[in-house]
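Worksheet for the structure shown next.
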Amino acid sequence: MHNFLGSKFKGNCRQLFAAITVNLVTFSFGLYTGWSSTVAPMLQNATDTPLDHGQVLTANSISWACSWGMLSAILGTFFWGMLADNYGRKTTGFLTMLPYLVSWVILLVFKTETALMVSRFLGGLGASGAAINCPMYVGEVSEASMKAGLGSLFILMYNIGVLYVYVFGVMVSYDFLNVACLAISVLFMVMWCYIPESPIFLIQKNRMDEARRSLMWFRGKDNDKEVSEEIDSLMRHSDQTTKATLADYKKRGTVKALLIGLVFQAGTQFSGINIILMYTVDIFQKSGSTMSPHSCTILVGVVQVIGSAIASCTVHRAGRKFFLMATYAITALALITIGSCFYANKVDSTINTGMLPVLSLSVHVIAFSLGLGMVPYIIYTEVFPANVRNICMSMLMFFNNVLGFVIIKAYPSMSDALHISGCFWVFGGVCLAVVPYTYLFVPETKDKAYDDIRRELLLWFPDRRHKDKAAEVAKAEKAAAVDQVDGGGGGGGGNVVVVVVEASEMKVCMGKDQSCFTTPQQARDNVK
């Protein structure tokens, strides 16, 4: 018992260490996102600008600095998944952090608008890599009991990165801010050397000895016999070890999972989170609040971290659907309230909205951290088979980044056309629409085996009316798994075992001589 508890504790610590380390890339993603909020006012001020010859950026240049990352992230979605599949999650981790490291060096060495844009472009490449590789790696090395908690570190580390750059942006100079960001990239490069490759990737590449050693490390075991059962379990699931074909992507369950992911990614972008994080100071200046914009920005960053920390501790205690519906509804309410503050200030600029903008934004970022910013990535690791997960995640990230680029680049024009209040009302309306969609179309995945999730994905409306139907399907499949019948008299006597195997959503029946048929009756007739 003592050895078991010791290995369990050791394994949990190692999984936590690995999850924190890989999410230093996500931390850098947060640095990259929040950097523009603190630096933009400086770059637009002739007195404070750090650029050579006192160069000042226009509002259009600032919008490009904010949106370049989304544009390059679109390009990144084409190759990060393939790199992870072909060269491994560990190599991809190094390559994902490299653009951040180079971008901070560029900002330190060159003080021109062109260099700044190049730096922002490179950072976007790392952003798409973080969104694809980090959740996938954590999902593959975590035990079932720790998967949700460790999966929530993605949004927690992102938010800590945003707060980190907010605080340093106020406290130190432009150059020291970039040094503080560069230090995180260097720290990751050192720590990542000591973390093993994902055992699932090694199994996919048939590197079984390395897979056993990797799993032993993550589970805190001393010999491979203790992990043999888990290795066998992974190998029994063919989708963990075989290369995906076009038919795998055309399955109804995969198509529905993709549709769910597309809606969630749209909800993430229309929540306005990137606008809020990149224009925080500017938003508070226009909201009618009398509080210092920089103080409000740091306060929102602190609240965001607290919210994601709470999420890390509570996400495994409630259903995924509950978190998503509740947080989308709260986010919608917060966005509509923020928009109303802007509208009130437009009608009468003397109106003091006081703490309402700060409270609304705080509620928004807490809701985002608890649900829509984190739970979808946990769901993705649960609804996609391992052999299609990389490409499907890449598809979702491509859509996410295209939509993000359009929204960020169009935000200044949208604000002129609709007023900033109209922008936030539109964002709130979209978030509100996602609530009934989640209830009707999204299956609950908490504490469910993949086979059970797959069955619910085959139903377009996996609500209470269909739970009995899903249970009947599961019971029928289990009863049909091994069907023993009499083989008839004569020389063909004896029992015939008819095994029903599901492949590509079709049932294949295997007789005792291992011949395959489309129905159990054909198997019986063949034997007779």
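The residues of the stretch 131-187 that are surrounded by fewer than 22 Cβ atoms within 10 Å (Cβ to Cβ) and polar (S, T, N, Q), listed by number, are S142, S145, S173. Considering the stretch 181-216, and only residues there that are modelled with pLDDT under 90 and among the aliphatic types (A, V, I, L, M), the residue that is nearest to the chain's Cα centre (by Cα) turns out to be I200.
For the stretch 30-86, a residue qualifies if it is under 19 Å from the mean Cα position of the chain (by Cα), of a type outside the set (F, W, Y) and over 15 Å from M117 (Cα atoms), and the qualifying residues are G30, L31, G34, I74, L75, G76, T77, G81, M82, L83, A84, D85.
Would you confirm whether any residue within the stretch 76-91 is open to solvent by less than 30 Å² (accessible area, probe 1.4 Å), touching an Asp or Glu at 6+ places or on another chain (Cβ under 9 Å) and not acidic (D, E)? Checked against the condition, which is being open to solvent by less than 30 Å² (accessible area, probe 1.4 Å), touching an Asp or Glu at 6+ places or on another chain (Cβ under 9 Å) and not acidic (D, E), the stretch 76-91 yields at least one hit.
Just so you know, in the stretch 10-55 the residues that are free of Cβ contacts under 8 Å to residues at least 40 places away in the same chain and small (G, A, S) include one that is most open to solvent (accessible area, probe 1.4 Å), and it is A46. Scanning the stretch 198-237 for residues that are among the small types (G, A, S) and buried (at least 16 other Cβ atoms within 10 Å of the Cβ) returns S198, A211, S214, G220.
Of all residues in the stretch 290-314, those that are closer than 26 Å to Y377 by Cβ and part of a helix (DSSP H, G or I) have Cβ atoms under 7 Å from Cβ atoms of residues that are among the β-branched types (V, I, T) and at pLDDT below 75, 6 or more apart or on another chain, in T297/T280; T297/V281; V300/T280.
Among the residues of the stretch 331-350, is there at least one that is part of a helix (DSSP H, G or I), open to solvent by 10 Å² or more (accessible area, probe 1.4 Å), within 30 Å of I74 (Cα to Cα) and modelled with pLDDT of 85 or more? The answer is yes; a qualifying residue exists. Given the structure, is A40 among the hydrophobic types (A, V, I, L, M, F, W, C), farther than 20 Å from P99 by Cα and in a helix (DSSP H, G or I)? Yes, satisfied.
The values are calculated or read from the model by the stated rules, or taken from the named source; none is laboratory data. As the structure is a prediction and not an experimental result, all values here were calculated from the model. As a convention, Cβ positions derive from the backbone with ideal geometry for all residues, glycine included, and neighbour counts pool all protein chains shown. With ligands, DNA and RNA removed, areas are computed over all heavy atoms of the protein, side chains included. Shrake-Rupley method; radii C 1.70, N 1.55, O 1.52, S 1.80 Å.
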